Amino acid sequence: MNRTNTKWIISNAIVMTLALLLAINTQSVFWLPLVAFSSFCYLFCSSYNASRPSNSESTNNLNSYANQITAFRFLLSAITALVVFQVPEIVIFFLFGLAILLDGLDGYLARKYKQVSEIGALFDKTVDAYFVLLLSFILVLKYEVPFWFLGIGYLHYGYELLLLGLGWQDLPIPKNPIGKYAAALLFISLLSPFILPAYIYLVILYLSAILVSLSFGLSFFYKLKAASVKG
């Protein structure tokens, strides 16, 4: 990963941490989409400026179908979050559900139209992280979800900052074998409070929290192993 994107990952984790603290302090979801939108704009502006000297056509922008889908997912989730207390729960469920279902489409379009890029993969991954944090905060604010669940929503950003502190952010590791299952269960659990009673959705949330924690723990173990080999 190039230095520009690495620096953005670090700065994004920091500003999203501040956004979460503001959201908690004000009990308002507004800060999360606002700060995330600003951060994503900076990502694409810095990527565009970095690619200009080459004068070559690049997929590192919003002209690609994949990045447009990812941007739509972000905007849809942001707008839905801002009206989450004014719109019926079933509508919120379908809108957030659509944002999740479109998650696989951007990767498919990137491969189909040969628009795969580093920034596209980074954009998609970080929108997923933002989406998890956003929904986690909404569930804590709106439903009987314990405050500690925000830690699950924040795991991606905390993990990035931990790797930065250890200097392990660029260490290559094998693919996490339970990562996709943990992500799938987490997305399902985040939608469940909109349509299920508390005694059911809380069980699903607890199970997803355990699996996600194990997934991040396994990734950290791989990083630790790679660091020991390198050292």
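Readers should treat all values here as calculations from the given coordinates under stated rules, not as data from a laboratory. Keep in mind that this is a model prediction, so the values were computed, not measured. Neighbour counts run over all protein chains shown; Cβ positions are idealised from the backbone, glycine included.
Contact order for the chain, expressed relative to its length and based on alpha carbon pairs under 8 Å spaced 6+ residues apart, stands at 20 percent.
Counting other C-beta atoms within 10 Å, and keeping those with at most 11, which DSSP coil chymotrypsin sites (Phe, Trp or Tyr not before Pro) do you find in region 142-231?
Within region 142-231, the qualifying chymotrypsin sites (Phe, Trp or Tyr not before Pro) (loop, at most 11 other Cβ atoms within 10 Å) are Phe147, Trp148.
Considering only Cα-Cα distances, which of the following residue pairs are longer than 20 Å: Lys7/Lys180; Lys7/Lys230; Lys7/Lys125; Lys175/Lys223; Lys125/Lys225; Lys7/Lys225? Before the final figure, lay out the partial values.
Numbers: Lys7/Lys180 26 Å; Lys7/Lys230 22 Å; Lys7/Lys125 16 Å; Lys175/Lys223 11 Å; Lys125/Lys225 24 Å; Lys7/Lys225 24 Å.
From Lys7/Lys180; Lys7/Lys230; Lys7/Lys125; Lys175/Lys223; Lys125/Lys225; Lys7/Lys225, over 20 Å: Lys7/Lys180; Lys7/Lys230; Lys125/Lys225; Lys7/Lys225.
For Leu196, the shell of other residues with beta-carbons less than 15 Å away shows a net charge of -1, using +1 for Lys and Arg and -1 for Asp and Glu. Net charge of the neighbourhood of Ile69, taken over other residues with C-beta under 10 Å away and scored Lys/Arg +1, Asp/Glu -1, is -2. Based on C-alpha pairs under 8 angstrom that are at least 6 apart in sequence, region 61-134 has a relative contact order of 45 percent. Contact order, relative form, for region 152-231: 45 percent (alpha carbon pairs under 8 Å, 6 or more residues apart, mean separation divided by residue count).
Can you list the trypsin sites (Lys or Arg not before Pro) in region 134-213 that are in a DSSP coil and have 15 or fewer other beta carbons within 10 angstrom?
On the way: sites: Lys142, Lys175, Lys180; in loops: Lys175.
Answer in residue order: Lys175.
Taking the 0 to 90 degree range and rounding to the nearest ten, how far is the long axis of helix 3-26 tilted relative to the main principal axis of the chain, both from C-alpha atoms? With rounding to tens, the tilt is 20 degrees. Our note on the geometry: Cα centres of region 90-126 and region 8-32, 22 Å apart.
Remind me, what semi-axes does region 127-231 give for its equivalent ellipsoid, largest first in whole Å, using sqrt of 5 times each Cα gyration tensor eigenvalue?
On the way: eigenvalues 170, 37, 20 Å².
In descending order the semi-axes read 29, 14, 10 Å.
With a cut-off of 17 Å, note down the residues of region 116-158 whose backbone N falls inside the zone around a label point 7 Å from the Cα of Phe30 toward its beta carbon. In region 116-158, the label zone of Phe30 (backbone N under 17 Å from the point 7 Å along Cα→Cβ) covers 138. Residues in region 212-219 carry Karplus couplings, in order, of 5, 4, 5, 5, 5, x, 5, 4 Hz; the curve used is 6.51 cos²θ - 1.76 cosθ + 1.60 with θ = phi - 60°, and Gly or Pro positions show x. Just to confirm a number: summing +1 for Lys and Arg and -1 for Asp and Glu over residues other than Phe131 whose beta-carbon lies under 15 angstrom from that of Phe131, what do you get? The answer is -2.
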